[in-house]
Structure formats: structure tokens, C-alpha cells
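The block underneath contains the structure these notes are about, expressed in C-alpha cells.
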4 protein chains.
Amino acid sequence: MSFNTFGHLFRVTTFGESHGVAIGCVVDGCPPRIALTEADIQPYLDKRRPGQSRFTTQRREPDQVKILSGVFIDEATGEQVTTGTPIALVIDNVDQRSKDYSDIKDKYRPGHADYTYDAKYGIRDYRGGGRQSARETATRVAAGAIARKIVPGMTVRGALIQMGKHGIERARWNWDEVERNPFFCPDAEQAKFFEAYLDDIRKRGSSVGAVIEIVAEGVPVGLGAPIYGKLDGDLAAALMGINAVKGVEIGAGFAAAAFSGEENADEIRMGNDGKPVFLSNHAGGILGGISTGQPVVCRFAVKPTSSILTPRRTVDRYGAETEISTKGRHDPCVGIRAVPIGEAMVACVIADHYLRQRGQMGETPAWPFARA
Amino acid sequence: MSFNTFGHLFRVTTFGESHGVAIGCVVDGCPPRIALTEADIQPYLDKRRPGQSRFTTQRREPDQVKILSGVFIDEATGEQVTTGTPIALVIDNVDQRSKDYSDIKDKYRPGHADYTYDAKYGIRDYRGGGRQSARETATRVAAGAIARKIVPGMTVRGALIQMGKHGIERARWNWDEVERNPFFCPDAEQAKFFEAYLDDIRKRGSSVGAVIEIVAEGVPVGLGAPIYGKLDGDLAAALMGINAVKGVEIGAGFAAAAFSGEENADEIRMGNDGKPVFLSNHAGGILGGISTGQPVVCRFAVKPTSSILTPRRTVDRYGAETEISTKGRHDPCVGIRAVPIGEAMVACVIADHYLRQRGQMGETPAWPFARA
Amino acid sequence: MSFNTFGHLFRVTTFGESHGVAIGCVVDGCPPRIALTEADIQPYLDKRRPGQSRFTTQRREPDQVKILSGVFIDEATGEQVTTGTPIALVIDNVDQRSKDYSDIKDKYRPGHADYTYDAKYGIRDYRGGGRQSARETATRVAAGAIARKIVPGMTVRGALIQMGKHGIERARWNWDEVERNPFFCPDAEQAKFFEAYLDDIRKRGSSVGAVIEIVAEGVPVGLGAPIYGKLDGDLAAALMGINAVKGVEIGAGFAAAAFSGEENADEIRMGNDGKPVFLSNHAGGILGGISTGQPVVCRFAVKPTSSILTPRRTVDRYGAETEISTKGRHDPCVGIRAVPIGEAMVACVIADHYLRQRGQMGETPAWPFARA
Amino acid sequence: MSFNTFGHLFRVTTFGESHGVAIGCVVDGCPPRIALTEADIQPYLDKRRPGQSRFTTQRREPDQVKILSGVFIDEATGEQVTTGTPIALVIDNVDQRSKDYSDIKDKYRPGHADYTYDAKYGIRDYRGGGRQSARETATRVAAGAIARKIVPGMTVRGALIQMGKHGIERARWNWDEVERNPFFCPDAEQAKFFEAYLDDIRKRGSSVGAVIEIVAEGVPVGLGAPIYGKLDGDLAAALMGINAVKGVEIGAGFAAAAFSGEENADEIRMGNDGKPVFLSNHAGGILGGISTGQPVVCRFAVKPTSSILTPRRTVDRYGAETEISTKGRHDPCVGIRAVPIGEAMVACVIADHYLRQRGQMGETPAWPFARA
């Protein structure tokens, strides 16, 4: 994972600024002969796309993805499939609303990366956040749509489980609800509360954070690698690399610190399918950096949107003290749109480890062993 | 970060099993002409070393490090310095107490990586945990001692801030206390409580988790890279890659989810030294993946030691249901010894980013700009 | 160097097939604040572009490059400069002449990668060679134009020094001639001979190989790294990675095998500028994988174009024996257009090592030492 | 390939200086359950070991390899096997003959990397060449012994085919002869000539270069990757990375430049085993960067040993002009011992690509296709 690329065998390199010509990515290492058209990718982009409810920024971007390379028609089936060569995806920037940037081009917005980018590079595209804009995450979502097709039988789903101080009730978790409310919230009752709660925040020009949970099911046992290529290590990097994320957990996460060893141990029995089954999943599907075959469960915390109406004290790039407030189109809870992004990152990391595992080990599983 | 190597320009590759001949690492990319002898490394190893109080495993390992390569005497000064070539460090395994492994060689201990290693590799060195043993972390601590010498003016310190359900009182934080109690706890009062608390746990053959905080001061502004080479992304991977870690936070971490945008924004003023100073540090010293010049603050959660006396249900490698309990030398709170390990990982990641930053940007800082 | 990416700190990832929508690349790690517009890149593409004389394929591609990201207007100067974020470059495929591919879609052309691609991937875009087409090299040339701007004072120039069995006369070497004939040949007299020679080959539908020499001047001493990050090792990979290249040499190259130690040793004296100067350059500017400060000299051999009119025996993808001959637009000597490509690869490799050197060593050169 | 590491899935990291404590390497990514003891590695080290005839340096190094990690006894078979974790190999430096280095510690020997190392690092272990010593190659040979066990059915053999100006007669090529003379020469008659020839050079304190050919048989079709992960690109880097190598060829190599397209095309017929067979192998077993299933054939040129008795002009590290001649133990033709090193590098590169291929493609070959 380096710079603007992540992954080893399934590698994603992204480019683009919020208000430049286009954003996009190159997906390298994808196995060949996987059916792939724009229609496989677009639904995930639509899920992330802004402007779909009053709770996300009103910027109007169609986010239409184009595949530039790496696919061809399989004449045996007539289907468009991957060829194993790099898949370039491009999304044009359409809604580059001509806007007055005079306020933010020299002032560093607190909570944003304005100061750090400027201090690092000495130059930055300040329009709409430039490279630091959450707009870049659309390209990850597109890559994730391809990643989902690589691990047979894997599904990756995400949900918003906390907004501000308000968590959901896990007993009411219903995956179907996630698609039914604008918060990707699996608890219908709490989703109703969030509607009024976030409306109030939005109207006040304030913002709030969130916690997102991603669950990957159908992950084979044995993915990951000990020590520095740990599956959880790579997941942590991938999720922490999403804009505004400040914390990542696997399984029980921080709660595990308060457990006793007895509570924490996920006991094991044999399942009817001849595979071990864990009686609990505090490990979040990963032990020693390697997948257990149980669902992989991650959570990440998203800080509140830094663009708010209330003026905040800051300095400008020439060292003068000043203050700034942000007007215009913004998400009151940027965590909402982080759900499809988190799903995409998890799918990409697991796909990469699936190929790495196959490389080192081949396709014959080591387990189960013949009974002595 | 891949497999058994981490870092890009400052690269660490480790090897070794708990009860093999030796463990060690190769540190590649270290700048030349940095004074380095075993005496620079040994104190950090001694800090991590087991058997120093009744609260850590009684295994007796001298953990004596040897430098095999990459250093030479600078004849101008008579000092031994790095040469810029790979530095190999080896620590012999001494206390390979002959033990009966018949119980654990076939049974999968819940909470340990026995099952996942076996399912992945089909073979494993089960003696003392083999490659999954926390013993491997000694090599990281050794590498971290070198990393500390790379970033001028940087200090990296860690502390245990929670054990089981019991957190410390931040108002009583005193870095000097960390060296005075066997828990690396900065709160002297709580350290006293931990003594009785952990004694009880130890005597019952149980275990408990912990939360560790690492603070790096003197980190220059501008380290890190946007998107996938984020400083916080690499820190998250490095810390999640420590044995038994289940969660990682930067700055406010999960608490940020409950903040409003107004609370979260770290306001900025000009310091007397002509550099921006942040009035708070919810960001933990990182914005947009790039260091702000404020202290970099990370926390990670360590699950309770999985080796406990209470029998737990499990299966063996041939698919038979059984149960297991762990006798022998173990840490009742493996989180304690994670303090020097966390420091080492943070030092390595920041050293790597320091070199990467210098590579792309050169040594002339972009900031401050001449006032217009 | 992996898959479709090369370089460590200056990284280039390319994508695209000959007859797909577009080809392009993402250049990551470029230092910020370097002046860059399409006009800096286009002249190099024009040099490589086909159809400029009767000696290169008559495919008509404007090869117009577009910068999609990674640049911004520096308001202090009004100039467009790099921002340090990824620079995406795209070149649309325009001349996708509708052609009958029925002959080549199933038959493997000898000398081409048809069989190996099919055997590896099981699917391939056979139109115009797909991903194996030399068209991909346009993107490297574009990346090379950026690389040239990174190392202060460096120039990289190339020339064709052999066509078929016919070498040039080194005594007549004139860099100015390279721009004056369609062969990039520095020997005006031999260039005249090549005209008739290649015309004959072209008319017979045959083809011929070539040897290209690339010279990089102004390369600072100290670039490269011992053992596996050797400057010559990376140059060898980069040049061998150009389509149809079968051999690479540094300095004296294969001739060095016939030298005695006395002949081979490049003796050293002190230059007037206080730096060592070598009395010969058999080393080609590299000793122990590290640049000496002398010109870096590389040569590579390009095999003859595999597309020829004479029928050759082959098999088809279903295992039937058959034969094939290639009609249509092709270069009689593909080596000619390899000159700008070789320059680009050398520029990219040296730029990468320049940044890597600066990362590990900083900007203060180790040498010269104070005289004792 | 970076710094002191090469390979992607089969990764080798080496360390050590000629006269330090030890040299060694860490082999990461090796598949588990491959039988491995020191006895599998030692014969290759013995082949490379100096002092075995009067034609190689008389330094007396037992070159005894020790495995520190990554192996375990498979209790089902009683055999020691790899575990899939990093395999650390160490070779102690024994013959560190106390010697007077006062002459070479400040003077730069022409043809050696003394100046470039000093200019880069500002410090170097000058004893016996330090890190630039060919001694480091022992670790590659050790790694290569492991690599050979990864690709089923592959054999990698090398031979010296030219010494000074004198090539062998290919018609007399006999692999068995390679083991029978001290030059690894497959032409018994020429080997006899080399004996007198090299004796003369040795007695005069001079040296001479060589050309080595490596042939890998049993390489499956489909290894390699287009563009920058080409099998030939990685082989070129690996072979150019051997000390003193100045040129690398695949298949026909530089001779291909003089071929016509008709001569160069390797025609294809169907073999009796239902696989394509090439009627010639100018391609050296690689087309488009991907293996064809034919033998992979590489050659590399080794310059003459730079340590010679004749004084050569040079400068010292303080900028004074001086001269130097080398006394002591040296190989008159360092190319001889490059044979086992070249074999090892080729084995490592192909093993790496074998795992990479398996990662992206799985184990089911794409070819042959069902006949329509």
C-alpha cells in the first residue's frame, strides 16, 4: 500500500481532483474471464452518489463510469469479460459549478487537510477540496464492484450503526432495512429518529459523526498472512484511509480490552458441513491475521463533516490569523456515504488476499486433514 | 506492507519462531552515518522482555541482540555508525524449555491462531506459538530503536491507559510514572489499583485486555501522503499488526463519531515560532493523512491473553471435538508488553514517511509562504 | 516493478489496448511545483508517433495527450504546475480502422505474443495486438516527458546505431543528425544507406532488427542502490520491458567479456571542478549498481517486426496446424520508433532513483570529503 | 525489486558484508510443506564456493549454511519441511584473515564500486569489498536452492560459453562436461584450452571476462506478465544485478538485431502431447514477456575481475591523485563462479512468477481450448 495505489495482486491506483477534468482508477491484476460491464459497477456508484436525499450534499454528479480498457467480448458466450490486463475506469466531473473560491483558496479550514496539503506540497487545487475531496472515493467504489466478483460466494454489506451519540439497537438489525432509508441504517426505528435528528443538524449548518459496520460473509478460511500482511492490518489501513475516518475495529474491537480471557475466547465445535464452527465471533473472523471462515466484521468511526456554518478561528497561508465558515453544498453527516465506500475497501482487501493466498498455497486447501 | 516486511524506504523484514534457533530482522534503507551499537537497541528490548515482574510471563529470555551487518567504524570519530546497507539483527532463542507439547500440537486453542495457521499452511511449529508467538515482536522493538534515530527531534512514548474495564484518570497523567510501575501506567494511583487487580486475575489463571496510547512528538508537518499512503493508514496497519490488537484509533478516534462539527474542528492560531498552532488536537496530529506538526496520538486495544486455565471447548486438527486449557508461563495481561511494541511500530512508520517525504519533496519545506 | 506499474517513488502505471477506447497512464510521486502542460509532453509523442515517414506504420494516430489530474495554476506565476498528486494522462484511440480480424483472431502469429497471451489469460483483445501492441509505449513516452523534468541538469538522448547487420561509424556520430533523418541515426552517411536498404525490405514485406543506444548526461553520482535496487538492474528491466527487445547492455556490455582487467579499468583523475573524472567509460556510468557521475550509456537490441508478408507455419487456438502472413500497416523496422521509448524508460528509471537517493540520503552529498 | 529485496510473492532479502560477522538472507513467501534441510542448499553453495581450483580466489570459506527459521518436522512423514513462514539463512564469515587495508581504505580501485559507495554513503566497510563483495552472492545461491523446489518439473542449468575472446563450439555442447572441469564449460575441448589460457592470465596477475548461459527447462507456458512485470524484464534485472555483469540477452539476444523477420519467427506445430511446439527458439522461451513453454534461455556478460596486479591511476577519498594495484587472493575470471549465481537468480525469478501466475489465474490452465 503506497501513495495512490493499494493492494498487491489486486491493485488499485486512483487519480483525480474534485473539480478537475475527471477522476478514475486503474485496476490491475484482476483475473481474466470475469463478466464485466459498466452496468456491474454503476449501481454501487449510484448508492454512493451525492444528492439522493436532503441528507447528502446537493452537488449533482451523474457519476457515470466508463471502462477504457481491460475488457473484451468472449466470442464463445457473447459476454463482455475481463482480459486480465489493466482495467481503467473514468468518471467525468460534470457539476463543476463556477464558484467563488476567494475565501478558501488562502484560508485553512479547520478539520480539513488544507494546511497539511499546502505545507507538504506548496501548491494545491483548492476547488472543492481537490485531491482531498471525498469525491475520490467514487473510484474506490468502482474498483470494489470488480473486487466483489473475484472471491466466489463472498458478499460484503455495510450499515450505519451510530450517528452522533445515538447507536442502533442490534436486536432490531435487519439488512433489508438498510436499502429502505437514506442512512443505510439496519434499525428501522432508529432510522426514523435519525431523520428528525439530522434535519435539525443540517438546518443549523452543523454536522455530526457516525460509526459504520461492514460484514463480509463467505470469506474462505486461510486468507491473510502473519505479521505484516495480516488481513486485519490491511483492512485497518484500507478503512483508516477513507476520508474522515479516525478509528477502526475488528470483531469486538475496543470492547475486547474489557473482556476476560474466558469471555473473549470463541469456542469451536464441528459443523454439520465437516468444518469447524465458532460459537461466537469476538475475533471478527480473523485470528493471527488470518481469516477463520466466520464473517469478517469491521467497524470504523467517521468524524463530523468539517465544513460547517459556524465561524472557526484559523490562519491563512501567509501566516495571518483569520476565521472561516463554510457555505454551500455539504453533507451534514459524511458518514452516511461512507457505507458503500467501506464495503468497497473491504471487498478490495479480501480480493487481494484471496489472490495472494492462491499464489502461495495453490487451490488445494490444507484443511481438513485426514483423521489419523 | 506485505507478508513479513513493512515500510517502503525504511523497510523491516522479520523472521523466526518462538522456539526455533533464533528470531531476527533485516532493516533496509536506513540512512548512513547514524551512530549505532547494540547498546542503542538493548534498553528497548529490556523494556519488552518477559519475566521482569510477576505480571509478565516467567519465560527467561535474555533477548540479547546482535548486529550482523550494516555498521562500520567511522574512522574520523571512532564511532560505530550505520553504512546505509542492510542491518541484520539476531536474537537467539535461549529458554527453549523442553516441554510436553502433546496437548496443543493437535488441538486448536480458542483465541489463538492455531486453527487459522493450520488451515492455511497445513503445517505449523506449535512450540510456544511458533511464528504467531508474541516473541516475534522483540524484533520490531529492535527495529524501532533504529527508527527513533532517523527523524531529528522526534520522541515516541507509550503508556497503558486502560486495563480490563478500568481506565486511568487523564488529569493524573505523568510520563515519569510510566517507568516506575510494571504496567507502563502514567497514573500512579491507578497503577497501584492494577497491582491488586491483576494479581487476582493472574492467580485465577484468567486474563484481561488493555488499551495502549502512543504519542509521537516532534513529528514534522507534511509527513504522509493522500489517499492510500496516509500516515494514519500506515499507522493503523502497523498497530493492528501487533499480536492481539483488535482496534486502532487516531486522535479522538471513536469518540469523534459523537462530536459535532464545531466540537471536532481544531482551531488554528499562529504560534510564537511563526508556525501554526492548533488549539486542540482531536485530529491526533494528522489531517487528510498528512501530519500537522502537532503530536501524533494513537491508541490501540489489546484483547485478553487467550491462554487461560479454564477449559474451553474446541476441535482438533482431525475434526474431533475436545476441550483445552493452557498451563504454563503466560502474561495475565499481554497488553502491558504491547507498550514498547506500539512505540516501535509508530517510530518505524514515521521514520519511513520521513524518508518518503524527503524523497518526493527534498529538504526545503514548502511552508511558510512569503506573505503577499 | 510489478505487472503494469514500474518505479518506486516515481511510479508509472499504464493501461489500454491498441484498439480500445483509449490508452493512458497514471504518474504517481512526481514532486510538486514543476511546470507542466500538454505542450511539454506532446513533442515526445510526436517523435514516437507512427506515420511520419514511409518507414513506419501508416496508421494515422494523432496521439494527442490530455492531462486529467495532478496539475494546477500556481497563482504566483500564472503557470500550470504539478501538485504532487497523481497525474493521469489519456490518449484516445482514433484510428480504429474497421478491419477484418477473422484471420488473426484464432491464429497465433509467430514472433508475436498471441499464443502466450491466450495460453495465460484464455481471452485476448486481438485487434491490432491489443495490450501487446507497441501502442502502449506511447504512454511511457508521455511519462518520460515528466521524468525528464525531475533531475536537474539531466539530458537523455537516444540513437539508432545498427539496422540489420549494418552498424554506424562511431567516428561520424553527430547528435544533430539524429533529428534530421527518419531513423534517428547519428551517422548521416549510414542514414542514407539505411534509406535504400529499408525501402527494399519494406517493399518485400519483410522486416529487420536494430540496436539502439541511450545516453543520459548530467546524472549525479550516487544514484542506485547495491544488490537488487541497482541502477543498471532497474535500467535492464525497463529496457527489456520494451516490446521486441531481446538484449540490454550497459557501457561496454558484452564486449567487456573479451577485455582484460587492464583494458576494462576506467582510470580516475581529478577534474578541474574538483570532482573525479574517469579517463574512459567502459562502466557506462555505473559501478556496483551506483552512478559514477559519468554519462550513463545503455544499448538494447530490437528484434525484427514479427508481422511479415511471407507465410509462416503456425497453429490456431483450437490446436489445428495452419499458416499465416500479415498484411496491412506495419513498421519494417520497429526498432526506429524504439528510440524515443528507450529515452523515456531511461529518464523514468533515473528520476525514480533520484528521488529514492534523496529519500535515504537527504540533499547533502556525502562527497567530497574534507582532505585530512 | 527494491534495495536489498527482490521478488514479489517469492521474496528474497539479503544482508551482510564480506568481512562482517555473517551474511544471510530471508526468503519470504515460500509455499509450505516443501521438504527442506541444509543438505538441500549446501551443494549449490559448494559449487559457488571459492578456493576449489587454482582458478578461483584462495580465500578459504566453508560457506556452511544454517536455517534459522521457517521449517518444522512434518510428523506424518518425519521429514523437515517449510512452514510457509520466513526462512532465514545465515552463513558465518570465517576466513576474515587479518589483513592490512591501509592501501585500499582511502583509495578508489578502478572498476570497483569504491568511489560510488563512498560518494553515496560517505562511509563504507572497505574490508574485502564490504557489501559490494561477490561474497553476498552466496546468499542468492542459497535462496535459489529453495526456489528450485517450487516449480514442479523445472530444471535450471548454467554454463560458461565464452572466456575472454574465446567462445565455445556449440556443436560440442555436453551438459555432463559442465561438472567435469573447473570452468563450468560444456565444451570439453575448449575447457582444456581455457586451462592454459587462464593459467597464463592468473600468473600475470591479470584477469578476463566471460559470458554465461542459463537454460531453464520445464517452465510452464503463461508465466510472466505484460508490460512491466515481464518475465524477461525481471530476468534482466536479476542477472544485471549480479556483480560485474554488463549485459543480458534472452534467446537470440543482440543477434536478433541482424535477423530478418522471416529468420526470427519461431514457427509453430502441434506436438505429440497436444501442446504447441516451436520449431526454433530465437525467442528464448519468452514472447510478449510471457513464457512459451520452450526452454527459457538467458545469457549474461561478466566483465574481467577489477582487482589486478598492474598499477592503475586513481584518486583517493580526499581528492588526491594516486595509483593502486591489487595484491592478494582474487579470481582471474570472476565469471566462472557466476554460473551457479546466474542459475540461482533465474530459479528465483521463475519461482516468483510461478506463484504470481497461480495467484491471478488459479491452477486451471486457460489452454488448450476445446476445438470448436
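So for the pair A:SER280, D:HIS166, with labels modelled 7 Å out along Cα→Cβ, what separation do we get in nm?
Rounded to a tenth, the inter-label distance reads 7.9 nm.
Run through the other copies and list how far each one's label point is from that of D:GLU169, in nm with one decimal, shortest first; the point sits 7 Å from Cα along Cα-Cβ.
Label-point distances to the other copies, shortest first: 3.8, 9.5, 9.6 nm.
Please report, in whole Å³, the volume per residue of the convex hull around the C-alpha atoms of the stretch D:154-295.
137 Å³
Residue by residue through the stretch D:149-156, which ³J(HN,Hα) values in whole Hz follow from phi under the Karplus form 6.51 cos²θ - 1.76 cosθ + 1.60 (θ = phi - 60°), with glycine and proline marked x?
Those phi angles translate into 8, 8, 8, x, x, 7, 10, 10 Hz.
What residues qualify as long-range amide H neighbours of B:ASP266, i.e. H under 5 Å apart, gap of 5 or more or another chain, H built at 1.01 Å from N?
Hits under the 5 Å cutoff: A:GLY111.
Computed FRET efficiency, Cβ-Cβ of A:ARG269 and D:LYS66, R0 30 Å: what is it to the nearest 0.05? Intermediate results must be reported in sequence, preceding the final value.
On the way: r = 43 Å, r/R0 = 1.42.
Plugging the Cβ-Cβ distance into 1/(1 + (r/R0)^6) gives 0.10.
Quick one: angle between helix B:38-48 and the longest Cα principal axis of chain B, in degrees between 0 and 90, rounded to 10, please.
Relative to chain B, helix B:38-48 is tipped by roughly 60 degrees.
Helix A:231-240 against the longest principal axis of chain A: what's the angle in degrees, Cα atoms only, rounded to the nearest 10?
That works out to roughly 10 degrees.
May I ask for the angle, rounded to the nearest 10°, between helix A:137-147 and the longest principal axis of chain A, with both axes built from Cα atoms and the value confined to 0 to 90°?
20 degrees
Viscosity 0.890 mPa s, temperature 25 °C: what is the translational diffusion coefficient of the stretch A:215-372 from Stokes-Einstein with a Kirkwood Rh over Cα pairs, rounded to a whole number of µm²/s?
This corresponds to a translational diffusion coefficient of 133 µm²/s.
Fewest Cβ neighbours within 10 Å first, please rank A:ASP331, D:ASP95 accordingly.
Placing the least packed residue first, the sequence is D:ASP95, A:ASP331.
When the helices in chain C are scored as -39500 (n - 2.57) per DSSP H run of 4 or longer and the sum is shared across all residues, what 222 nm value do you end up with, to the nearest 500 deg cm²/dmol?
-7000 deg cm²/dmol
Counting only the backbone N, which residues of the stretch D:97-121 are under 20 Å from the spot 7 Å out from the Cα of D:THR322 toward its beta-carbon?
Only D:99-121 fall inside the zone, counting backbone N under 20 Å.
Write down the Kirkwood hydrodynamic radius of chain D, to one decimal in angstroms, obtained as one divided by the mean of 1/r over all alpha carbon pairs.
Taking the inverse mean of 1/r over all distinct Cα pairs, chain D comes out at 22.0 Å.
Using Cα pairs under 8 angstrom and six or more residues apart, how large is the relative contact order of the stretch D:264-372, in percent?
14 percent
Could you let me know the centre-to-centre spacing of the stretch A:159-183 and the stretch D:164-237, using Cα atoms, in angstrom?
About 68 Å separates the Cα centre of the stretch A:159-183 from the one of the stretch D:164-237.
When Cβ neighbours within 10 Å are restricted to other protein chains, what is their mean count per residue of peptide A:205-212?
Mean partner shielding for this stretch: 5.
Based on the mean of other beta carbon atoms within 10 Å per residue, what is the order of C:99-111, D:239-251, most packed first? Spell out each step's value before the answer.
Working: C:99-111: 17.8, D:239-251: 27.6.
So the order, starting with the most tightly packed, is D:239-251, C:99-111.
Mind checking which chain B residue has its Cβ closest to the axis relating B to D, and how many whole Å off it is?
Taking the axis that maps B onto D, the answer comes out as B:THR13, 2.
Put a point 7 Å out from Cα along the line to Cβ at A:GLY271; what are the distances to that point in the other copies, in nm, shortest first?
4.3, 5.4, 6.9
If the viscosity is 1.567 mPa s and the temperature 4 °C, what Stokes-Einstein diffusion coefficient in µm²/s follows for the stretch C:74-121 when Rh is the Kirkwood radius over Cα pairs?
Answer, rounded: 82 µm²/s.
Cα-based Rg (one decimal) and Dmax (whole number) for the stretch B:1-125, in Å?
18.1, 59
Contact order normalised by length for chain A, with contacts defined as Cα pairs under 8 Å and 6 or more residues apart; what percent is it?
The value is 21 percent.
Can you give the FRET efficiency to the nearest 0.05 for A:THR155 and A:SER53, using r as the Cβ-Cβ distance and R₀ = 35 Å?
0.90
About the Cα centre, and with charges only on the beta carbon of Lys, Arg (+1) and Asp, Glu (-1), how big is the dipole of the protein assembly as shown? Nearest 20 debye, please.
I would put it at about 0 debye.
Using DSSP to define loop residues, name the GluC sites (Glu not before Pro) in the stretch A:19-81 whose beta-carbon has at most 16 other beta-carbon atoms within 10 Å.
A:GLU75
Among rounded, prolate and oblate, which fits the stretch C:168-224 when a ≥ b ≥ c are the square roots of the eigenvalues of its C-alpha gyration tensor, a/c under 1.5 means rounded, and a/b larger than b/c means prolate?
Cα axes put the stretch C:168-224 in the prolate bin.
Using the 2.2 N^0.38 Å rule of thumb for compact globular proteins, work out how the protein assembly as shown stacks up: its C-alpha Rg over that value, please.
Values: Rg = 31.2 Å, N = 1488, 2.2 N^0.38 = 35.3 Å.
The protein assembly as shown yields a ratio of 0.88.
If you take the square roots of the eigenvalues of the alpha-carbon gyration tensor of the stretch D:14-77 and sort them as a ≥ b ≥ c, do you get rounded (a/c under 1.5), prolate (a/b over b/c) or oblate? Please report the intermediate quantities before stating the final value.
Values: a/c = 3.05, a/b = 1.86, b/c = 1.64.
Taking the square roots of the gyration eigenvalues as a ≥ b ≥ c, the stretch D:14-77 is prolate.
At A:ALA76, with labels set 7 Å past Cα in the Cβ direction, how many nm apart are the copies from this one, shortest first?
Reported distances to equivalent positions: 3.3, 6.0, 6.7 nm.
Other chains' Cβ within 10 Å of C:305-312 residues: what's the mean?
Numbers: counts 3, 6, 2, 5, 2, 4, 1, 7.
Per residue, the number of nearby Cβ atoms from other chains is 4 on average.
Which distance in Å, rounded to a whole number, links the C-alpha centroids of the stretch A:309-338 and the stretch C:307-351?
Value for the Cα centre distance between the two parts: 56 Å.
Residues of B:14-24, mean number of Cβ from any other protein chain within 10 Å of their own Cβ, rounded to a whole number?
What the average comes to for B:14-24 is 6.
In which sequence would B:ASP176, B:ASP74 go, from the one with the fewest C-beta neighbours within 10 Å to the one with the most?
By the 10 Å Cβ count, ascending: B:ASP176, B:ASP74.
Any read-out appearing in this document is the output of simple, stated calculations on the displayed coordinates, not a laboratory observation. What you are looking at is a predicted structure, and each value in this text was computed from that prediction instead of being measured. No Cβ is skipped: glycine too gets one built from the backbone with ideal geometry, and neighbour counts run over all protein chains shown.
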